[in-house]
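To start, the structure itself, in structure tokens.
The values are calculated or read from the model by the stated rules, or taken from the named source; none is laboratory data. What you see is a predicted model; the values in this text were computed from it and never measured. Reconstructed Cβ throughout: ideal geometry from the backbone, glycine too, with neighbour counts over all protein chains shown.
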Amino acid sequence: MPTATINNIQLYYETHGTGEPLVLIPGFASGVWIWFKQIEELSKSFRVITFDPRGVSHSDKLQETLTIKTIADDIAALLDTLNVERANILGASFGGFVAQEFALAYPQKTERLILCCTSFGGTKHIPPSMEVLLAFALTKDLNTEVRVRENLLIAFNQDYVAKHKEDVDHFCFLRAENIVPEYAYMQQLQAAVKFDTSERVSQINAPTLVLTGDKDIIVPSQNSHNLAGQIPKAELKFIEGGSHLFFVEQADEFNQVVKEFCFSCL
């Protein structure tokens, strides 16, 4: 398994394909595996770079309190290790928080920015229902198949769950196979709660695509509308019928939109 010494830890990463670099930043409590419907297709057009965040799955455990900026710094160091000067940066949900911090801290390394099902956080963030919040706050039996399935099914469109059982089962299997220790889960959760770029996000200068599913109950789509409104060079696109996991459910459409956006800005 490829690892690199990044900011005093061993970070697991993967690269696929050739061409313009595209970094895929995993969402909350996830890693490389979450992009199982993106890596093969997007690597036909890009040099895809993705990784397990520190503390998750194949990467080293956390050595200190995690912040969103810590993960952004890890990405910058990984790009330096791979001799990549600039890259397209794509993040989903929690990964979208990281992508914003990366673009703010490393504008010289950010070619284009794609923010999926995410928010600028802070007091203007529109939260999900209390039921959803409580489901993610509990850590009992965190890595068991039952708990994994309960949590992940919330994020899917229920029509998709009914019609694509094999896909959903595979997604749940991948999450259960890639362990997220409780301490790492809680540190990501705490970092997410504290996240707030609402007063800084207007400083992002990279061409930006904000993507959301109009049926997202984890990060309601109004957050994406608000986010796009604050970024000077942002374009907002809704995926009709898409849940929080629209990049899984409507992978073909998602992959095509990403390619069109990246190449349209050349």
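A single entry from I39, I71 fulfils the requirement of being aliphatic (A, V, I, L, M), under 30 Å from D167 (Cα atoms) and surrounded by fewer than 23 Cβ atoms within 10 Å (Cβ to Cβ): I39. Among the residues examined, E64 does not qualify as at pLDDT 95 or above and among the charged types (D, E, K, R).
I'd like the full set of residues that are among the acidic types (D, E) and under 19 Å from L104 (Cα atoms), limited to the stretch 217-249. Working first, answer last.
Going through the stretch 217-249, the residues among the acidic types (D, E) turn out to be 235, 240, 249.
Passing the criteria: only E235.
Considering only residues that are aliphatic (A, V, I, L, M) and either on the phi > 0 side of the Ramachandran plot or not in a strand (DSSP E or B) (or both), look in the stretch 1-59 and name the one that is modelled with the lowest pLDDT. Within the stretch 1-59, the match that is modelled with the lowest pLDDT is M1. Of all the listed residues (T50, T18), the sole one being farther than 19 Å from E249 by Cβ, of a type in the set (S, T, N, Q) and surrounded by fewer than 22 Cβ atoms within 10 Å (Cβ to Cβ) is T18.
Checking each residue in the stretch 185-213 for being in a helix (DSSP H, G or I), among the β-branched types (V, I, T) and in contact (Cβ under 8 Å) with a residue 40 or more places away in the chain picks out only V201.
Among what's in the stretch 53-68 and is buried (at least 17 other Cβ atoms within 10 Å of the Cβ) and in contact with an Asp or Glu (Cβ under 9 Å, 6 or more places away or on another chain), pick the residue that is farthest from L142 (Cα to Cα).
We begin by selecting, within the stretch 53-68, every residue buried (at least 17 other Cβ atoms within 10 Å of the Cβ); these are 53-60, 62, 66, 68.
Okay, now just the ones that are also in contact with an Asp or Glu (Cβ under 9 Å, 6 or more places away or on another chain), so 53-54, 57-59, 68.
Working: P53: 18, R54: 18, S57: 14, H58: 17, S59: 18, I68: 22 Å.
Once the filter is applied, the top-ranked residue is I68.
Residues that are farther than 19 Å from W33 by Cα and hydroxyl-bearing (S, T, Y) within the stretch 140-162 comprise just one, Y160.
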